[in-house]
Amino acid sequence: DIMDYLSEKNIRQFIHKNIIHSSEPLGDEMAHYLYVLQSVSLNLCEHRMKMSMDPYSQEQRDLLQSLRQTAFESESEVPAGTFSTERRRSLCAKEFRKLGFTNNSNPAEDLRRAPPGLLALDNMVYFSRNTPNAYSRFVLENSSREDKHECPFARSSIQLTLILCEILHIGEPCSETAQAFYPMFFGQDHFFEELFCICIQLVNKTWKEMRATQEDFDKVMQVVREQITRTLNLKPTSLELFKTRVNALNYSEILKLRQTERLHQEETLAVPVLELREKLKPELLELIRQQRLLHLCEGTLFRKISSRRRQDKLWYCRLSPNHKVLHYGDVEEGVQSPPIESLPEKIPVADMKMLLVGKECPHTKEKSSGKQNKDVLELAFSIVHDVEEYCLNFVAPTRYEFCLWTDGLNVLLGKEMTSERTQTDLDVLLSMELKLRLLDLENISIPDEPPPIPKPPSNLNFCYDFSQAEQ
């Protein structure tokens, strides 16, 4: 009965204070009532959404001019008699182009699309009048950019208004069973316009994060739709909380969420699949270890770095097929894979003490500077061997060779492989193996819990008595 004499504003305030913030859970009937009240209130925008721009309406033309004048106030202060009519018309068209209208000579044409119709113009005017600093900053910031990198305010506003109408189901009939309402609606006057003001600034923010051009307009708006939808699904209780959360949900976070959801969709994050991954890891790591040792058996050509930094001398190192001895020695230019017998020097694997990399290596501690030294630090490794801790020093020709050699030497020392290449190879092998194992389960949902074990039978009379047959 209280609803009979309360205004719509007071109703929303009453609900926000006494129902939404109540500790008591909402029943289905109350949730449906709140949904209906929200739908009826928002659908007051429907008639503006379905009305297109009237070329003969002075009021609507004045609203368009107010948008231009608010954004470019200093330019608009020029006295009327300073320029000819044609010149003033040209300046107005230029400013409407900066505002982001597609048809800058007659911006009313952009508002003939219904929906969103005049509702988009109402939102733009509300934004310019209630947050003039943010409006001017949006327009002037983009008008100073290169043309293809401008975020068009008017075009973005028209598309954003349409997106908000679709998300909030404005213009659609009320469902008889729906209970999806937004708590923040009941705590805010001019809810739709205030929501637009937050989201249009989000468009500009996302545009910059994506480093978008005019060709990326649809992609940016799709990301903005996703940002708004995901934040609304969190049911924020106020527009201020919505603003905080939607701005925190930046473009990089959207990409991470998409990647996670894609993995869930492919069921690669299901509990049984994760358990299968762990079971496959030892087998695949052993495969990587064998590949590393095989590479060491094939050997690699290294360059010597002297104190004068001349790199004209070459030497070759390879592991014996039985993995017990490292053979190395100087070679001539042009020799690709010398036989193991031609390498006079040897280091028994049993005498290897430890592996040093980067700054720990003795040959990187010499006085040196500049880019060459940085390259040496990233590719240097040493083998400490013998009781005198003699070192055999290496500088790998590439990062790839560095990873394979350090992994292989760690395998010989009985240690874990630590290079970034190991993780990359493991991920690739795991992905391939999982897809092969799950081929037979395509289009079959994988449960998170194993099926229950049935109860044992009450008797075992169905079993064949083999003892009788033997007699």
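The values are calculated or read from the model by the stated rules, or taken from the named source; none is laboratory data. Because the structure is predicted, anything quoted here is derived from the model rather than measured. Cβ atoms come from the backbone with ideal geometry, glycine included; neighbour counts cover every protein chain shown. Note: areas computed on protein heavy atoms with side chains; ligands, DNA, RNA excluded. Shrake-Rupley method; radii C 1.70, N 1.55, O 1.52, S 1.80 Å.
In square angstrom, rounded to the nearest 10, how much accessible surface does residue 438 have for a 1.4 Å probe?
40
Okay, which of the range 29-45 sit inside 19 Å, backbone N to the point 7 Å along the Cα-Cβ direction of residue 241?
Within reach of a label on residue 241, which here means backbone N under 19 Å from a point 7 Å along Cα→Cβ, the range 29-45 contributes 31-32, 34-35, 38.
On full extension of the chain, what length is gained from residue 29 through residue 287, given 0.36 nm per residue of separation minus the C-alpha to C-alpha distance?
Gain on extension, residue 29 to residue 287, equals 86.8 nm.
Can you work out the Karplus-derived ³J(HN,Hα) for every residue in the range 397-403? Use 6.51 cos²θ - 1.76 cosθ + 1.60 with θ = phi - 60°, whole Hz, and x for glycine or proline.
x, 9, 5, 4, 5, 4, 5
How do 419-429, 292-302 rank on mean C-beta neighbours within 10 Å, highest first?
Packing order, densest peptide first, comes out as 292-302, 419-429.
Residue by residue, what Karplus-based ³J(HN,Hα) values in Hz, rounded to whole numbers, does the range 177-190 have, using 6.51, -1.76 and 1.60 with θ = phi - 60° and x for Gly and Pro?
Here the 3J(HN,Hα) series is 10, 5, 10, 7, 10, 10, x, 5, 4, 7, x, 9, 6, 6 Hz.
Provide Rg over Rh for the range 291-421; use the alpha carbon set for both Rg and the Kirkwood Rh (inverse mean inverse pair distance).
Over the Cα atoms of the range 291-421, Rg/Rh equals 0.94.
Given 148/208; 279/415; 324/346; 94/205; 279/455, which pairs have Cα atoms separated by over 18 Å? Write down the numbers at each step before the final one.
Working: 148/208 13 Å; 279/415 20 Å; 324/346 10 Å; 94/205 24 Å; 279/455 29 Å.
Going by Cα-Cα distance, 279/415; 94/205; 279/455 fall outside the 18 Å limit.
The range 114-197: which GluC sites (Glu not before Pro) are DSSP loop and have at most 15 other beta-carbon atoms within 10 angstrom?
Loop-located and lightly packed - 146, 176.
So for the pair residue 230, residue 320, with labels modelled 7 Å out along Cα→Cβ, what separation do we get in nm?
Between residue 230 and residue 320, the simple spin-label model gives 5.8 nm.
Would you mind estimating how fast the range 400-461 diffuses translationally, via Stokes-Einstein at 37 °C and 0.692 mPa s with the Kirkwood radius over Cα pairs, in µm²/s? Let's see the in-between values first.
Working: Rh = 16.0 Å.
Answer, rounded: 205 µm²/s.
Residue separation times 0.36 nm, minus the C-alpha to C-alpha distance between residue 47 and residue 261: what's the value?
Net length gain for the segment: 73.2 nm.
Order the following by accessible area, largest value first: 407, 147. Probe radius 1.4 Å; ligands, DNA and RNA are ignored.
Details: 407 0, 147 95 Å².
The residues order as 147, 407, largest area first.
Label-point separation (nm) for residue 464 and residue 175, each offset 7 Å from Cα along Cα-to-Cβ?
Once both label points are built, they end up 5.9 nm from each other.
Accessible area, 1.4 Å probe, largest first: how do 92, 151, 174 sort?
Working: 92 25, 151 5, 174 55 Å².
In descending accessible area the options line up as 174, 92, 151.
Could you work out how far apart the two model spin labels at residue 216 and residue 102 are, taking each label as a point 7 Å from the Cα in the direction of the beta carbon, and quote it in nm?
For the pair residue 216/residue 102, the computed spacing is 2.1 nm.
Extension gain residue 313-residue 297, at 0.36 nm per residue separation less the Cα-Cα distance, in nm?
Going from the current span to full extension adds 3.6 nm.
Per 10 Å bin, what is the whole-percent P(r) computed from every C-alpha pair distance within the range 119-244?
Per 10 Å bin, starting at zero, the Cα-Cα P(r) for the range 119-244 comes out as 12, 43, 34, 9, 1, 0 percent.
How would 238, 382 line up by accessible area, probe 1.4 Å, largest first?
238, 382
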